[in-house]
Amino acid sequence: MAVSQRRVRDALTWLVIALTAVPVGGAVVLALVHGDTPCILCWAQRTSMALIALVGLFIVRYGPRPRYLGTVVLLATWGVFMGLRHSSLHLARDIGQGFSAPFFGMHTYTWAGLIHWVVLLSIGVLLFLLREDRGESWPKEPGRASRFAMGLFVVVAAANAFQALATTGPPPFMGQADPVRFSLDPRRWVWGNEELAGRLSLRGSWTVPEPDAADLDPDPAHGPLPAPPELPITGWERIGVPLYGALSGLAHDPETDRYLAVTDRYGVYLLDGTLARTLHHVTVDPGFSIDLSPFAGAAFLGDTLAVLSTNKSYALLRADSTADEALEWRHFRETDGAMRELRLGRFATVRARQMYVLSLAFDPSADELITVAVPSPRHRRLVVSRFARGDLMLSSEFEPRLGADLTLGGDDRSLAEYVVVGAVAEDGLLYALSAAYSTLLVIDLGERTVRAAYAVPGLEQPVGLAARGPQLLAAQADGRIAVLERPGAWSPTAKE
């Protein structure tokens, strides 16, 4: 292929510009705009990209000498290794969990590994386009073994091409993540493009849309449990302090008559019993060490405040008048100076993997935290997960069954249609409020069954649930709180 040296140099110049401006320069922009700070493994990857760009400039200036090309290959090989090394620390994480913010479904350390691989590919293309040394001596005619190898390659390549067409199909069809058995019968060929469904992401079909309860159907009559008894709203209250972001979770501590409110913009507020005075507040920094997606649940663990994000990452906080505000700066974007962070972590689930959560409850009798997974297009099931407070590890999981007095409205209906946005554990029962169909589910934690279901008309956008004595408090995104009388699960058909 005859390509002028000028064109090769121009193309290489633009590659160096792109490498310098986007990953290396873009990291600086992230630092300036968002305060993003790389870890030591990130630095190793960024350094190798910068050195590759430097050597690329030498190639542009002095030509593709072997020592330059060899240096780029070594640096890119190192970068690919570091990308795998870094990604391997997080590949086994649960849904949405990783380090730093993702772009198109991939975290920055994964992008760095891909970029280094592209560099290796570019070196191969560069060597292919360079003009050959015509003075080099090489046999002109291939021997028998060479001709056999060429023929064998053509046959094998053609066979692979045919199998690829049969199992994958022409564009825009794509291969399946779980391919079916191969057959020569065209009637059994399966062509699909499920990988193209959903929002743009390099995770393909593994992309799970983040939960959004705002557009769910609130009509209880449309739910999978037909004609549930109504649980009327007996009154309305409101959080009387300004919040940073929309309310996304609420908890109540009966021992101190305090409330814990969290917002979708990482605000954490400790409120007094009137909901009109802020005792303490912080805005958690979500972007470092463990990435936190928007907060969706809150619970009191004695004097410890537990805050949960939708990707099942959590933060444990505590009000402390002796907290060092300068030291806590690393944890909070804003603080009143009397709160400290105890721990960041991630809940690891089994049945609820690849599923987000929108609720958090604490069961003091079992000393366990409880989450209820949000069903996703990939996993249509309702999963209750329990985590021991001592080590915050998974202790049990189950999919609740229907109680004897409850039936679904049809064979195609399922409890997985409910989207639980708030939960509270009391007396061995889990009260789970679903934004879909405005329904309160009463789950017996011992028997693992849904003992009762109640329609709660009048809710607009519920985001959390708390218990206050005999009352349940259904929090809405706008800060209003609907007051409900806590029903007794022993009579699931009784009209409240």
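The values are calculated or read from the model by the stated rules, or taken from the named source; none is laboratory data. Computed from a predicted structure; not experimentally measured. Because the Cβ atoms are built from the backbone with ideal geometry, glycine has one as well, and the counts that use them run over all protein chains shown.
Would you please name the residue that is nearest to Pro375 (Cα to Cα), looking only at residues in region 412-429 that are of a type outside the set (A, V, I, L, M, F, W, C) and surrounded by fewer than 24 Cβ atoms within 10 Å (Cβ to Cβ)?
Checking each candidate, the answer is Glu417.
Just checking, which of Leu292, Leu316 is in the same structural domain as Ala348 (by TED's automatic domain parsing), modelled with pLDDT under 95 and within 24 Å of the chain's Cα centre (by Cα)?
Only one candidate passes the filter, namely Leu292.
Checking the condition within 32 Å of the chain's Cα centre (by Cα), in a helix (DSSP H, G or I) and modelled with pLDDT under 85, which residue from Ala11, Ala31 passes? Don't jump to the end; show me each part of the working.
Values: Ala11 fails: within 32 Å of the chain's Cα centre (by Cα).
That would be Ala31, the only listed residue that is within 32 Å of the chain's Cα centre (by Cα), in a helix (DSSP H, G or I) and modelled with pLDDT under 85.
Determine, yes or no, whether Val262 is surrounded by 14 or more Cβ atoms within 10 Å (Cβ to Cβ), of a type outside the set (S, T, N, Q) and free of Cβ contacts under 8 Å to residues at least 40 places away in the same chain. Working first, answer last.
On the way: surrounded by 14 or more Cβ atoms within 10 Å (Cβ to Cβ): yes; of a type outside the set (S, T, N, Q): yes; free of Cβ contacts under 8 Å to residues at least 40 places away in the same chain: no.
Judged against the criteria, Val262 is not a match.
Just the residues that are modelled with pLDDT under 75, part of a loop (DSSP other than H, G, I, E, B) and either among the hydrophobic types (A, V, I, L, M, F, W, C) or surrounded by 12 or more Cβ atoms within 10 Å (Cβ to Cβ) (or both), please, taken from region 173-182.
Gly175, Gln176, Ala177, Val180, Phe182
Test Gly273 against the criterion of being touching a Phe, Trp or Tyr at 6+ places or on another chain (Cβ under 9 Å), without any contact (Cβ under 8 Å) to a residue 60 or more places away in the chain, in the same structural domain as Val421 (by TED's automatic domain parsing) and closer than 28 Å to His107 by Cα, and give yes or no.
Considered against the rule, which asks whether it is touching a Phe, Trp or Tyr at 6+ places or on another chain (Cβ under 9 Å), without any contact (Cβ under 8 Å) to a residue 60 or more places away in the chain, in the same structural domain as Val421 (by TED's automatic domain parsing) and closer than 28 Å to His107 by Cα, Gly273 comes out as no.
Of the residues Arg381, Arg413, Arg389, which single one is in contact with a strand residue (DSSP E or B) (Cβ under 9 Å, 6 or more places away or on another chain), of a type in the set (Lys, Arg) and closer than 27 Å to Pro209 by Cα?
Arg381
Exactly one of (1) crowded, with 17+ Cβ neighbours inside 10 Å; (2) within 25 Å of the chain's Cα centre (by Cα); (3) more than 23 Å from Glu210 (Cα to Cα) is unmet by Ser48. Its number?
Against the list (1) crowded, with 17+ Cβ neighbours inside 10 Å; (2) within 25 Å of the chain's Cα centre (by Cα); (3) more than 23 Å from Glu210 (Cα to Cα), Ser48 comes up short only on (2).
Return yes when Thr256 is surrounded by fewer than 21 Cβ atoms within 10 Å (Cβ to Cβ) and assigned to a strand (DSSP E or B) and no when it is not.
Answer is no for this residue.
Would you call Val268 surrounded by 18 or more Cβ atoms within 10 Å (Cβ to Cβ) and modelled with pLDDT of 95 or more?
Yes: the conditions hold for Val268.
For region 428-446: of the residues being in contact (Cβ under 8 Å) with a residue 40 or more places away in the chain and assigned to a loop (DSSP other than H, G, I, E, B), which is farthest from Asp212 (Cα to Cα)?
Gly428
When only residues in region 409-427 that are assigned to a strand (DSSP E or B) and either modelled with pLDDT under 95 or not hydrophobic (A, V, I, L, M, F, W, C) (or both) count, which is farthest from Leu441 (Cα to Cα)?
Glu426
Tell me, please, whether a residue that is within 27 Å of Asp285 (Cα to Cα) and at pLDDT 85 or above can be found in region 68-83.
yes
Can you tell me which condition Ala453 does not meet? The list is (1) within 26 Å of the chain's Cα centre (by Cα); (2) buried (at least 24 other Cβ atoms within 10 Å of the Cβ); (3) among the hydrophobic types (A, V, I, L, M, F, W, C), and all the others hold.
The failed condition is (1).
Yes/no matrix, rows are residues, columns are (1) outside any loop (DSSP other than H, G, I, E, B); (2) outside the structural domain of Ile52 (by TED's automatic domain parsing); (3) at pLDDT 80 or above:
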| site | (1), (2), (3) |
| --- | --- |
| Gly124 | yes, no, yes |
| Ser137 | no, yes, no |
| Met150 | yes, yes, no |
| Ala158 | yes, yes, no |
| Leu184 | no, yes, yes |
| Val190 | no, yes, no |
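Considering only region 227-252, how many residues are under 25 Å from Pro364 (Cβ atoms) and crowded, with 20+ Cβ neighbours inside 10 Å?
So the answer is 8.
So how many residues does region 33-54 have that are in contact with a Leu (Cβ under 7 Å, 6 or more places away or on another chain) and among the hydrophobic types (A, V, I, L, M, F, W, C)?
Total satisfying the criteria: 4.
Would you point out which residue out of Gly96, Gly79 is touching a residue at least 12 places away in the same chain (Cβ under 8 Å), surrounded by 14 or more Cβ atoms within 10 Å (Cβ to Cβ), closer than 30 Å to Val208 by Cβ and within 24 Å of the chain's Cα centre (by Cα)?
Result: Gly96 is the single residue among Gly96, Gly79 that is touching a residue at least 12 places away in the same chain (Cβ under 8 Å), surrounded by 14 or more Cβ atoms within 10 Å (Cβ to Cβ), closer than 30 Å to Val208 by Cβ and within 24 Å of the chain's Cα centre (by Cα).
If you take the residues in region 387-408 that are hydrophobic (A, V, I, L, M, F, W, C) and not in a loop (DSSP other than H, G, I, E, B), which one is surrounded by the most Cβ atoms within 10 Å (Cβ to Cβ)?
Phe387
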